[in-house]
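Notes follow once the structure below has been shown.
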Amino acid sequence: MAQTDTKNKVVERIGYITRVQSFSACHRLHSPTLSDEQNKEIFGKCNNPNGHGHNYKVEVTVRGKIDCHTGMVMNITDLKQLIEEVVMIPLDHKNLDQDVPYFSDVVSTTENVAVYIWDNLVKRLPANLLYEIKIHETDKNIVVYRGE
Ligand SMILES: Nc1nc2c(c(=O)[nH]1)N=C([C@H](O)[C@H](O)COP(=O)(O)OP(=O)(O)OP(=O)(O)O)CN2
Ligand SMILES: [Zn+2]
């Protein structure tokens, strides 16, 4: 049922939902627009030719009206299924640079992984619902992308 204020005006309440998912992948930080020397200089050990791996933790947050009939911003079961299709199937247990066509010419930094996830999720969700992608690349390295 719709909630009303003291003047009987319908109150719209905004909620945020976050779903967390982890995936494992390997990558190498290497930019095709830079020389080998520049890549080594900028990316250091992360430019190791044979790559290295991470257990990434992704937090997907949606923001929207709490529906007065369902009590939900969106059904988390639907969000879980979308994350399976957009994150787990293409990225889990993959070599990001070699197995994911997007990263064949885009450096697989965590910023760009966040952009990849945003771009693929935003087109599968109702307009203005996706709020934030947060990725923990390691316990200490955390990236946030909000589609800006
Ligand atoms: N702006 C960015 N910088 C870096 C990224 C990135 O995605 N965006 N990624 C890396 C590497 O992938 C690297 O694996 C991170 O290494 P490191 O900082 O050494 O990882 P830890 O947090 O585990 O290291 P500690 O030694 O424990 O501090 C580098 N830069
Ligand atoms: Zn890395």
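The values are calculated or read from the model by the stated rules, or taken from the named source; none is laboratory data. Worth saying up front: this structure is predicted, and the values here are computed from it rather than measured. Quick reminder, even Gly has a Cβ in these numbers, built from the backbone with ideal geometry, and neighbours come from all protein chains shown. The protein model used for the area step is the full one, side chains on, heavy atoms only, and it has no ligands, DNA or RNA in it. Shrake-Rupley method; radii C 1.70, N 1.55, O 1.52, S 1.80 Å.
Here are some notes:
- In range of the label at ILE89: residues from region 108-127 whose backbone nitrogen is under 16 Å from the point 7 Å along Cα→Cβ: 117, 120-125
- Calculated accessible area for region 1-100 comes out at 65 Å² per residue, all protein chains present (probe 1.4 Å; ligands, DNA, RNA ignored).
- Net charge contributed by nearby residues that have their C-beta within less than 13 Å of ALA127 (K/R +1, D/E -1): +4
- Over all pairs of different C-alpha atoms in the chain, the reciprocal of the mean inverse distance, the Kirkwood hydrodynamic radius, equals 17.1 Å.
- Sites listed here are trypsin sites (Lys or Arg not before Pro) in region 100-134 whose DSSP assignment is loop and whose Cβ has at most 11 other Cβ atoms within 10 Å: LYS123.
- With contributions of -39500 (n - 2.57) from each DSSP H run of at least four residues, the per-residue ellipticity at 222 nm computed over the chain stands at -6000 deg cm²/dmol.
- Comparing GLU37, GLU12, GLU137 in a Gaussian network model of the chain, where Cα atoms under 10 Å apart are tied by springs, the biggest mean-square fluctuation is seen for GLU37.
- Efficiency of FRET from Cβ geometry, SER24 and ILE142, R₀ 22 Å, rounded to 0.05: 0.80
- Stretched out straight at 0.36 nm per residue, the stretch from ILE76 to TYR102 would grow longer than its current Cα-Cα span by 6.6 nm.
- Length-normalised contact order for region 44-148 - Cα pairs under 8 Å, 6+ apart - percent: 35
- Divided by 2.2 N^0.38 Å, where N counts the residues, the Cα radius of gyration of region 52-100 comes to 1.53.
- The ratio of the alpha-carbon radius of gyration of region 20-107 to the globular-protein estimate 2.2 N^0.38 Å is 1.47.
- Mean Cα-pair separation over length for region 1-84, i.e. relative contact order, pairs under 8 Å, 6 or more apart, %: 39
- The apolar share of the surface of the chain, taken as the fraction of accessible area on carbon and sulfur atoms (1.4 Å probe, ligands and nucleic acids excluded), comes to 48 percent.
- Cα lying deepest toward the dipole's positive end in the chain, options GLN3, ASN50, ILE83, charges on Cβ: GLN3
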